[in-house]
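Report on one structure; see the data block that follows.
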Amino acid sequence: MARRGQRQAGARTAPRNQRRHRDDGDVISVLARAVREVEAAAERGRVTPAVRTRFQVVALLVREEHARIRAEENTSQARRAEQLKRLDGIATILARTAVRDSGLLALLAEDAVVSDAARSMKREMLRAVGIEPAPEQIAPAEPAAAPAASERRVVPQSVVSRQLANPFLAPDFSSARPSTARSHRLAGWELLGPLFNSFERAGGGAPSCMALPAPSSLRAPDAVQLMPHQAQLVAAARGGHRTFLLADEPGLGKTAQALLAAEAANAYPLLVVVPSVVKTNWAREAGLWTPHRAATVIHGDGNTIDGFADIVIVNYEVLDRHVGWFGEFGFRGMVIDEAHFIKNKSSQRSKHVLELSQRIRSRVSRPLLMALTGTPLINDIEDFRAIWQFLGWIDETKPLAELMDALDATGLTPADPGFYAAARSCVIDLGIVRRRKVDVAADIPARRTADLPVELDDKIGRSIRAAERDLARRLVARYETAMASRRSGPVDGIDHDLVRRVARSELKEAASTKTGENVFSMMRRIGQAKAGLAADYAAQLARSAGKVVFFAKHVDVMDVAEETFARQEIRYSSIRGDQTPTSRQRNIDAFVNDPDVAIAVCSLTAAGVGLNLQVASNIVLAELSWTDAEQTQAIDRSHRIGQTEPVTAWRIIAAQTIDGRIAELIDSKAGLAARALDGSDDEVFTSADVQQEALVALLTDALSARP
């Protein structure tokens, strides 16, 4: 403890007159060179004792310089900001380097022992820039603080690394807007009930969307194209609007709007809380729309996350484990997807979301807060109580300042006839954005397919990936056997003709045998593993967008889906190949005519033709077909004459499996087939071509990965 006190006193009590001639730029330049040397040594794997000493000295000096520059009264604001930014860059390099070596990480702890060699090197570095170091003083040891009550929560190691490496980079909450008490004309009125009632009383034609500015000139990444209705919301964020209840119908790109609004508002780090089924898709979308922003996904205890990422994505189910460090991380924005998940304010997920929102709002001036949901605003308006509280529009009992100011400005009270319409407009102007497909039909294609990647359960996912590796090894063994027996000379690189022959042989054998792992059994296993996730997503769509058609290839996948819907008390119709014509028609009629039947569970082969299901504009493809034609036929059950809205087919893809490669092959072959039908010389591809190309890709990847 005495040694710890000695080090801390030396950092705090250096006399000001011994530092008045220092040049901040020279000090930081020396530190920058030193940290680069340490980083290079760590990358080479040569972290010697001398490197460790230099690492600790840089960390100590950066901490001292950061504190000194912040306290300096005679420095201009611009100069201070520029110097702090340079120090932050050095600190980030320290942190990333520490992650490589646990020995370096330990040196960043506040109670780490400072060796004599480190003290000597520190004095030498200061003298090198003309600074005479102050003599170190011994401060009396401070009594140890009583340990805080432990909580059953986790802090990922990467986050610990960030905190230890950047102790002086704790989030700056000084810009938080102070709360000022002021009197309001309506302070004595009960207002929450009338506010909710104002939505229930809205007549036909009442606006349900705030006024949005004209689309701004936003350059989207080359791989994607921003639609006008999306650009309008981004323009609002760029113009300074910071709270949004984004209630666009599914298929209108709410994820992209949220990511680009965060970019426009510079709301980083950004916390994104989502259902488990769309967690992987959020990371994928972040890579598409904001590729320059690092995104990290929390799985379980978060052992694999990047603590330095700009976008942190977590699912509701594990939020409770991480809410502790989330509150101290310094998030400047928060997005909740499928926001109706928090409608039950007594649930733990709702309590955690509201706690985090309140902490962000209390510490950051005008943070970006976005609640995403496709649920129509006129249904169960009480469900929006928690969402409005998340956005900071209300608290448990009353409207908060911004909404109260707007209500005061109307000059009305709940006793006045015009209050309800005016109150509804006040809430909508705070940031409710609701567009339907039919409203922006000109923005979006009449029919489109959207891929939704999902992470399989750890055990199931590992099993499927192991089966893929076994199949790849078998293909490689066939290839090597054929290479060894050939009479021609050696081939430079991979013999792609032989790869295709091996794939054809494997495909022929797989079609004739019922045992062993092959591409057909693997795809069936993947379909079974995706069934529950696909059904969950279909249920979400049904709640937010109305009727949904759910397609699957195998009966067991349909069974899982129907069990999921029954458990969630969602009524469905089942359309299968083993039904009598009468039973089949009864189920079709129920889906088409009964407003309470939300989902049609259809066999991809039995219901892919001859049906008119245009009452639904959302389709879930739980399993991949082997041809684009089969997929298109299924989509065309809804995309046909009589359909008044653009149709979106949500294709569920198992991430990190052969599923994704097959989806790419189907799409590429579809393009060639379309050109062939238009009169080109290209061959129209069959399912066998896609199956063979999948095996070719698997074998080629395995051969390329060999040393």
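Overview of values
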read-out	value
Likely footprinting exposure, M483, M227, M334, fewest C-beta neighbours within 10 Å first	M483, M227, M334
Gain on full stretching of the segment that runs from Q225 to T632 - 0.36 nm per residue minus C-alpha separation	144.2 nm
Förster radius 35 Å - calculated FRET efficiency between V155 and R33, Cβ distance, rounded to 0.05	0.60
Projected label distance in nm at K85 and A294, using a 7 Å step from Cα toward the beta-carbon	2.0 nm
Global geometry of segment 391-436, whether rounded, prolate or oblate, following the gyration tensor of its Cα atoms and the 1.5 cut on a/c	oblate
Using a Förster distance of 35 Å, the FRET efficiency for N74-E328 (Cβ separation, nearest 0.05)	0.60
Nearest-0.05 FRET efficiency for A450 and D497, computed from C-beta distance (R0 41 Å)	0.65
Kirkwood hydrodynamic radius of segment 445-707, from inverse mean 1/r over distinct Cα pairs, in Å	19.9 Å
Neighbour-count order for T243, T580, fewest beta carbons within 10 angstrom listed first	T580, T243
Farthest toward positive dipole pole in segment 445-707 [+1 Lys/Arg, -1 Asp/Glu at C-beta], among V502, V549, A590	V502
Two-site label geometry, Q568 and E132: point separation in nm, points 7 Å out along Cα→Cβ	7.4 nm
Label-to-label distance, nm, for residues given as A590 and D405 (7 Å Cα→Cβ offset)	5.4 nm
Extension gain, K398 back to A441 (0.36 nm per residue minus Cα-Cα distance, nm)	11.6 nm
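Bear in mind that the values in this text are calculations on the coordinates, not laboratory data. The model shown is predicted, which means the values in this text are computed figures rather than measured ones. No Cβ is skipped: glycine too gets one built from the backbone with ideal geometry, and neighbour counts run over all protein chains shown.
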